[in-house]
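What follows is one structure encoded as structure tokens, with my remarks underneath.
The values are calculated or read from the model by the stated rules, or taken from the named source; none is laboratory data. Note that this is a predicted model, so its numbers are computed, not measured. All Cβ positions, even for glycine, are placed from backbone atoms using ideal geometry, and neighbour counts span all protein chains on display.
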Amino acid sequence: MAGVSFNKTYLSRLVGKSIDFDKIAQQATKMGVEFEGADSTEMRFQITANRPDLLDIVGFARALKNFMHKSKKFSYKMKSSAPYLEINVGKDVSGIRPFISGIVAKNIDFDDQSLKHLLNFSEKFSDIFGRHREKLAIGMHNLDKIGTVLKYDAFPDQEFVALGEKKSMLFSKVLETNKKGIEYGDIITCHKTQNCYPALKDLDGVLALIPVVNSERTKISTSTHNMFIDMTGTSKYVVDKAADMFAATLMDMGAYIYPVKVNYGKKSNVFPIMEERSISIPLGQIDEVLGVSVGFNNALSLAEKMGYACSYLNKKIVFKIPSYRLDILTDQDIIEDMAIAYGYEYIANMPIYSTQTGMLEERTEKNRKLSAIMTGLGFGEMMNSYLTSENENFNKMRVAANQSKYIKLKNSKTGSITMMRTWILPSLLKNFSLSVHEKMPQKIFEADVVFALANKMPSEKYHLSAAMADPKANFNDIKSVLESVLNEIPGEYTFRAAAHESFIEGRVADIVVGKATVGFVGELHPEVLSNFGIEEPCFGFEIII
């Protein structure tokens with residue numbers, strides 16, 4: 001959910017002066033938007049992540065008017081089909097931030113409120129839907145201050161006057177000192193030997209360091225009547241659809257929209273696309289999913305409430321999806337909108353009949369049985385994370401790491417979480433290290449999943465591991481605990497003398513079934529205990545279950 005605040009006066013102007021704010025709150029709630037409250041100047045709402053068009057006060061008013069049948073505008077047309085300007089995309093930006101789209105908007109009449117809300121929408125949209133500008137960022141420029149042929153590429157470090165600054169600075173300096181540079185600079189990762197600063201330029205210089213900050217030269221204000229808006233990012237679908245969404249918003253504000261041509265070498269795209277896709281759904285399918293008989297005429301009315309233009313063809317309702325709706329992917333998205341328009345309060349509850357009786361899985365039954373045995377023997381059950389590190393899983397246990405046999409996490413943000421655990425005993429010793437001040441003896445166990453790589457494919461196995469920290473215990477004590485467990489598990493188990501880096505030589509044994517080794521038991525090596533900060537002798541076992 002994203003919180004937004006809309007100015008009452010501007011919202012009333014967009015929706016219609018005859019409507020009162022209590023009714024706006026009531027209708028917004030029915031529309032699926034959470035009303036948070038209001039004061040003398042603003043109304044506050046929580047918008048779900050799947051409706052980015054509602055983050056904009058113009059888009060919110062559009063949806064509200066549709067919902068109250070106060071609008072019949074379901075399609076948007078550009079003023080001209082001829083591109084007003086061109087953007088040439090260079091090769092160096094392809095591996096950094098490859099996609100760009102744009103629109104030209106003319107004849108805009110801004111006041112303080114309309115400009116403020118448009119800027120707020122672009123910021124909200126970039127932060128929430130654009131994942132803090134990493135997936136998508138939006139730049140707004142005064143069209144009268146730029147050329148008609150632009151270059152988008154990755155460039156070496158160079159100077160420009162960033163928005164809000166008075167003097168020219170290098171890109172690298174902007175990332176260190178400018179407010180937006182500090183906030184969004186980590187998106188840009190650079191090496192001195194590379195062209196790695198994504199930027200948009202015209203013949204007069206830099207328009208924007210993307211996705212960080214625009215230039216002071218192209219700053220917009222209430223006196224701006226013509227704009228160029230760029231959208232850049234790592235997702236082509238989002239970048240393309242963002243152009244459609246902003247085009248619809250600016251058209252609703254009275255602007256004329258002209259297309260922008262983007263050249264990727266020999267390939268070209270023209271934005272905004274303003275594609276109005278259609279999805280056909282049998283009327284019976286809507287009735288079946290909602291559990292009510294909607295009827296054809298009512299279905300058309302409900303569709304219009306949610307902003308769709310629709311028709312009836314071959315016993316199916318054809319929904320024409322507005323170009324600004326990024327969230328509509330399948331027929332289920334449309335049926336959800338129909339449910340909202342119909343009103344969930346009018347849809348009766350329906351019992352769901354099961355054809356089977358629920359029961360525990362065999363694995364769950366087995367784990368419960370082993371847990372009962374271990375707790376009966378005086379052991380406390382642990383529930384540790386599956387995530388660990390090479391240091392915990394291998395180094396502290398005196399075991400060599402084989403990278404081809406464990407699952408390593410990609411782009412780990414911390415050194416303490418870098419891999420999936422391959423056994424449980426290190427987790428139990430870590431538990432002991434956190435409770436060294438507690439009274440001895442301590443006895444704990446865990447029965448859960450461990451992970452490995454087999455032929456480059458991930459695999460899971462269930463292990464049972466137990467550990468006891470007891471100055472008076474010996475190898476026979478932990479072995480007797482293990483035998484009590486093995487007596488309750490089908491199969492013939494035997495013990496065989498073994499060597500294991502984590503245990504004291506001569507005080508460790510393998511657990512064998514047939515010819516297969518399924519576990520081990522022994523007294524932990526003093527170096528292992530020292531690595532975990534444990535002062536008492538420790539004994540443990542681990543078996544595949």
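Odds and ends about this structure:
- PHE35 meets each of the listed conditions (1) touching a residue at least 12 places away in the same chain (Cβ under 8 Å); (2) in contact with a Ser or Thr (Cβ under 9 Å, 6 or more places away or on another chain); (3) surrounded by 14 or more Cβ atoms within 10 Å (Cβ to Cβ) apart from (1).
- Residue in the stretch 378-388 that is within 32 Å of the chain's Cα centre (by Cα) and on the phi > 0 side of the Ramachandran plot present: no
- Search result, residues across the stretch 497-528 that are in contact (Cβ under 8 Å) with a residue 40 or more places away in the chain, touching a helix residue (DSSP H, G or I) at 6+ places or on another chain (Cβ under 8 Å) and surrounded by 16 or more Cβ atoms within 10 Å (Cβ to Cβ): SER502, VAL521, GLY522, GLU523, LEU524, VAL528
Yes/no per residue for (1) surrounded by 19 or more Cβ atoms within 10 Å (Cβ to Cβ); (2) within 15 Å of ARG97 (Cα to Cα); (3) touching a residue at least 60 places away in the same chain (Cβ under 8 Å):
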| site | (1), (2), (3) |
| --- | --- |
| VAL161 | no, no, no |
| LYS166 | no, no, no |
| LEU170 | no, no, no |
| THR177 | no, no, no |
| GLY181 | yes, no, no |
| CYS190 | no, yes, no |
| GLY205 | no, no, no |
| PRO211 | yes, yes, yes |
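- A residue that is modelled with pLDDT under 95, more than 16 Å from MET397 (Cα to Cα), assigned by TED's automatic domain parsing to the domain that holds LYS369 and charged (D, E, K, R) cannot be found anywhere in the stretch 516-535.
- Looking across VAL239, VAL174, VAL206, one residue alone is outside any helix (DSSP H, G or I) and within 24 Å of ASN142 (Cβ to Cβ). It is VAL206.
- SER101 being at pLDDT below 95, outside the structural domain of TYR324 (by TED's automatic domain parsing) and surrounded by 18 or more Cβ atoms within 10 Å (Cβ to Cβ): no
- Matching residues in the stretch 102-158 - criterion: being assigned to a strand (DSSP E or B), of a type in the set (A, V, I, L, M) and under 22 Å from LEU14 (Cα atoms): ALA105
- Hits in the stretch 107-130 (condition: of a type in the set (Lys, Arg) and either buried (at least 16 other Cβ atoms within 10 Å of the Cβ) or outside the structural domain of ILE257 (by TED's automatic domain parsing) (or both)): LYS124
- For LYS320, the criteria (1) surrounded by fewer than 15 Cβ atoms within 10 Å (Cβ to Cβ); (2) farther than 30 Å from ILE444 by Cβ hold in every case but one, which is (1).
- Total residues in the stretch 55-89 satisfying the condition of being surrounded by 16 or more Cβ atoms within 10 Å (Cβ to Cβ), in contact (Cβ under 8 Å) with a residue 40 or more places away in the chain and either among the small types (Gly, Ala, Ser) or assigned to a helix (DSSP H, G or I) (or both): the figure is 12.
- The residues of the stretch 218-252 that are within 24 Å of PHE110 (Cα to Cα) and surrounded by fewer than 17 Cβ atoms within 10 Å (Cβ to Cβ), listed by number, are LYS219, SER221, THR222, SER223, HIS225.
- Within the stretch 404-421, considering residues that are surrounded by 10 or more Cβ atoms within 10 Å (Cβ to Cβ) and part of a loop (DSSP other than H, G, I, E, B), the one modelled with the lowest pLDDT: SER412
- Check on PHE445, on the phi < 0 side of the Ramachandran plot and modelled with pLDDT under 95: no
- The residue of the stretch 377-399 that is surrounded by the most Cβ atoms within 10 Å (Cβ to Cβ), among those that are in contact with an Asp or Glu (Cβ under 8 Å, 6 or more places away or on another chain) and farther than 13 Å from MET420 by Cα, is MET397.
- Condition met for ASP20 (closer than 22 Å to LEU115 by Cβ and either under 25 Å from the mean Cα position of the chain (by Cα) or not polar (S, T, N, Q) (or both)): no
- A count restricted to the stretch 240-266 and to residues that are of a type outside the set (Asp, Glu) and under 29 Å from the mean Cα position of the chain (by Cα) stands at 11.
- Any hit, the stretch 353-364, residues being of a type in the set (A, V, I, L, M), modelled with pLDDT under 90 and over 30 Å from SER465 (Cα atoms): no
- Residue match in the stretch 44-51 (condition: closer than 27 Å to GLY147 by Cβ and outside any helix (DSSP H, G or I)): no
- Whichever residue in the stretch 395-419 is more than 21 Å from ILE444 (Cβ to Cβ) and among the hydrophobic types (A, V, I, L, M, F, W, C) and, among such residues, is farthest from the chain's Cα centre (by Cα): ALA400
- Residue identified as in contact with a Ser or Thr (Cβ under 9 Å, 6 or more places away or on another chain) and among the hydrophobic types (A, V, I, L, M, F, W, C) among VAL481, VAL513: VAL513
- Hits in the stretch 267-301 - residues which are of a type in the set (Asp, Glu), touching a residue at least 40 places away in the same chain (Cβ under 8 Å) and either exposed (fewer than 13 other Cβ atoms within 10 Å of the Cβ) or more than 30 Å from LYS236 (Cβ to Cβ) (or both): GLU275
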